[in-house]
Amino acid sequence: MPLPSDTATANQESIVPATPSATSPGPASAVTTPPPAETRSILDLEDRPRRRWVRYLLAALVLLTLAVAARFWLTEATPEGPRYKTVTAERGDLVVKVTATGQLQPVTQVDVGTEVSGTIDEVLVDFNDRVTKGQVLARLDPDTFMAKKRQAEAALALALAGVKEAEATAIETASKLRRVQDLIAKRMSSQEELDTAAGAARRAEAALAVAKAKVEQAQAQLDADSRTLVKSEIRSPIDGTVLKRQVEPGQTVAASLQTPVLFTLAEDLTQMELNVAVDEADVGQVAAGLKAEFTVDAYPNRRFPATITQVRYAPETVNGVVTYAALLALENDDLSLRPGMTATAEILAREVDDVLLVPNTALRFSPPNANKAAKADNGGLVGMLLPRRAPSSRAATPKEPKAGKGARVWVLREGQPVAIPVATGATDGNLTEILSGDLEPGTEVLVEMERGGGKS
């Protein structure tokens with residue numbers, strides 16, 4: 001039985017013509033007849049799986065080459081370990097200051113008002129005028145007060161006349177009583193007449209006492225009306241300067257419920273005080289007698305000295321923030337400072353010399369965990385395809401202190417960050433005093449970590 005391949009070959013040979021075509025040029029031996037279409041299809045089916053595996057192999061080689069190249073480039077471009085920024089721990093002087101804001105005000109400030117109601121007749125002073133104690137600042141219309149005074153004087157005169165009348169009646173009744181008593185002794189009058197005379201005499205004495213009391217009442221009313229007339233002139237209670245004038249001529253003031261404020265006086269503007277609000281976190285460092293300096297917006301390049309005179313115990317809460325008032329005394333000889341100015345004060349709370357200092361950033365710094373960093377770095381397609389280069393000793397896990405809690409600083413020892421527990425003291429917000437710990441002056445402490453040239 002013939003094989004299929006032999007059959008196919010025989011068929012191919014039977015199909016090929018033995019003689020050249022009459023139209024083809026040249027000799028018959030130079031002509032090559034292509035295989036038929038069916039034969040080419042069979043050959044393509046046999047070679048297709050082989051070509052597919054070749055393409056897959058080439059693609060895999062290309063990807064592997066690219067992965068190796070990328071891995072090499074990333075490994076060479078990325079530092080093997082973190083780089084740290086350090087600062088030297090040094091000995092020096094530390095000045096602790098507490099900052100607080102407040103307003104300037106006179107030491108003695110008085111609001112001048114009026115106890116009586118009326119219409120302002122005239123105003124005799126203006127803003128910034130110097131006044132003396134007892135000086136008239138303004139006057140109310142005195143007509144009503146003078147009329148009341150005259151009425152009180154008339155009532156007093158009437159009461160005095162009543163006293164004289166009562167005295168005359170008392171004298172008359174006393175004389176009549178004596179006569180009746182003489183008649184009784186001579187048995188020429190009855191007991192009834194004696195009783196009547198005695199009663200009249202006592203009534204006359206009582207009427208005299210009532211008349212004298214009316215005199216006192218009228219005198220008191222006259223004094224009150226006279227005092228009201230005096231109060232119609234508003235006078236200065238102190239020597240000082242007029243800060244505010246809140247009244248104009250013709251204005252009506254009513255003092256029925258509360259005294260209206262007409263003028264505000266400052267006793268001495270050369271001696272002023274600064275009332276600042278100290279935060280509750282800093283009030284433990286502030287006490288009377290401490291020195292301070294403050295600035296105001298009007299003179300940004302000038303610093304004014306002051307001294308704390310009082311730290312009050314009463315708290316003041318504004319928007320949930322608790323503060324305590326502190327009063328600072330200051331001198332204002334050139335009158336450059338004015339009441340109401342907002343000032344920023346720096347209170348010298350503490351000053352220490354020749355102590356070991358480190359920046360506060362060193363106390364806040366803590367190196368990241370190396371295991372967490374390794375997990376973040378091993379991700380990605382490249383990390384899954386190829387193992388990374390072994391980490392250097394600089395990327396090892398930072399060593400934690402074995403004992404002790406609280407503040408600590410980090411230093412590099414044999415390329416590894418090591419924590420050193422320390423006891424801290426005073427701080428000015430930038431530097432902190434180191435009271436104890438295995439830290440020497442000149443030691444480089446870590447304050448920041450950098451990786452690949454950038455801060456982490």
Handout entry: Residue ID - farthest from ARG150 (Cα to Cα), chosen from residues in the stretch 199-234 that are under 60 Å from the mean Cα position of the chain (by Cα) and among the basic types (Lys, Arg)
Key = LYS231
Problem - Residues of the stretch 330-378 satisfying the condition of being small (Gly, Ala, Ser), within 30 Å of VAL411 (Cα to Cα) and either modelled with pLDDT under 90 or assigned to a loop (DSSP other than H, G, I, E, B) (or both) - result: SER366, ALA370, ALA373, ALA374, ALA376
Completion exercise
Conditions (1) in contact (Cβ under 8 Å) with a residue 12 or more places away in the chain; (2) closer than 20 Å to ASP428 by Cβ; (3) under 15 Å from the mean Cα position of the chain (by Cα) -> ALA281 fails only (1)
Handout entry: Unmet criterion (only one of (1) crowded, with 18+ Cβ neighbours inside 10 Å; (2) modelled with pLDDT under 90) for ARG413
Key = (1)
Fill in the blank from the handout: Note on ASP354: of the conditions (1) surrounded by fewer than 15 Cβ atoms within 10 Å (Cβ to Cβ); (2) within 19 Å of GLN285 (Cα to Cα); (3) in contact with a strand residue (DSSP E or B) (Cβ under 7 Å, 6 or more places away or on another chain), unmet is (2)
Completion exercise
All conditions in (1) loosely packed, with under 14 Cβ neighbours inside 10 Å; (2) more than 30 Å from VAL96 (Cβ to Cβ); (3) among the hydrophobic types (A, V, I, L, M, F, W, C) are true of VAL318 except (2)
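The values are calculated or read from the model by the stated rules, or taken from the named source; none is laboratory data. As the structure is a prediction and not an experimental result, all values here were calculated from the model. Counting neighbours? That spans all protein chains shown, and the Cβs are built from the backbone with ideal geometry, glycine included.
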